[in-house]
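What follows is a short report on a single structure.
The values are calculated or read from the model by the stated rules, or taken from the named source; none is laboratory data. Source: prediction; values computed, not measured. Every residue, glycine as well, gets a Cβ built from its backbone with ideal geometry; the counts of neighbours run over all protein chains shown. With ligands, DNA and RNA removed, areas are computed over all heavy atoms of the protein, side chains included. Shrake-Rupley method; radii C 1.70, N 1.55, O 1.52, S 1.80 Å.
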Amino acid sequence: QVQLVDSGGGLVQAGASLRLSCVASIRTFSSYRMGWFRQAPGKEREFVAAINWSGGNTYYQDSVKGRFTISRDNAKNTVYLQMNSLKPEDTAVYYCAAPRFSTASLSTHPNDYYYWGQGTQVTVSS
């Protein structure tokens, strides 16, 4: 059984910070590349950030570079998304995701992910 549980969303003002967490029940979690996606009302699900097994390689959507940081703690089977300088356009439901197989390469495409968290709402007011 594979289960992803994401949390940490909330209602904040522009310029504030939030840290999202995702706890994974995946065996050999440390071997999986992990990703964060988000979906706003009326919009397609879009890539936010991804991280490789060791945490040494990361990739970000251009709009969040310099503001968001993805990290992981393999001892806790947890991946994080630290979000700083939040903007109203960051408002969305955020999902963590894992590929079906540990051998999958880093990807920015949602179709390349198989397991998903339930989503956590982030709302940024101006």
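Worth pointing out:
- Any pair with Cβ under 6 angstrom, 6 or more apart, that starts in region 38-65 at a residue that is in contact (Cβ under 8 Å) with a residue 60 or more places away in the chain and ends at one that is hydroxyl-bearing (Ser, Thr, Tyr) and part of a loop (DSSP other than H, G, I, E, B): Phe47/Thr108
- Region 93-126, subset in contact (Cβ under 8 Å) with a residue 24 or more places away in the chain, open to solvent by 30 Å² or more (accessible area, probe 1.4 Å) and among the polar types (S, T, N, Q), residue nearest to Phe29 (Cα to Cα): Ser102
- For region 3-14, a residue qualifies if it is open to solvent by 50 Å² or more (accessible area, probe 1.4 Å), under 16 Å from Arg67 (Cβ atoms) and part of a strand (DSSP E or B), and exactly one does: Gln13.
- Subset of region 71-88 (residues that are farther than 16 Å from Phe29 by Cα and either assigned to a strand (DSSP E or B) or without any contact (Cβ under 8 Å) to a residue 12 or more places away in the chain (or both)): Leu81, Gln82, Met83
- Subset of region 15-43 [over 17 Å from Ser107 (Cα atoms) and in a loop (DSSP other than H, G, I, E, B)]: Gly15, Ala16, Ser17, Ser25, Ile26, Arg27, Thr28, Ala40, Pro41, Gly42, Lys43
- Residues of region 21-42 that are touching a strand residue (DSSP E or B) at 6+ places or on another chain (Cβ under 8 Å) and either open to solvent by 60 Å² or more (accessible area, probe 1.4 Å) or not small (Gly, Ala, Ser) (or both): Cys22, Val23, Ile26, Tyr32, Arg33, Met34, Trp36, Phe37, Arg38, Gln39.
- Just so you know, in region 16-42 the residues that are of a type in the set (A, V, I, L, M) and in contact with a Phe, Trp or Tyr (Cβ under 8 Å, 6 or more places away or on another chain) include one that is nearest to Val64 (Cα to Cα), and it is Leu20.
- All conditions in (1) closer than 16 Å to Phe29 by Cβ; (2) surrounded by 14 or more Cβ atoms within 10 Å (Cβ to Cβ) hold for Tyr59, with the sole exception of (1).
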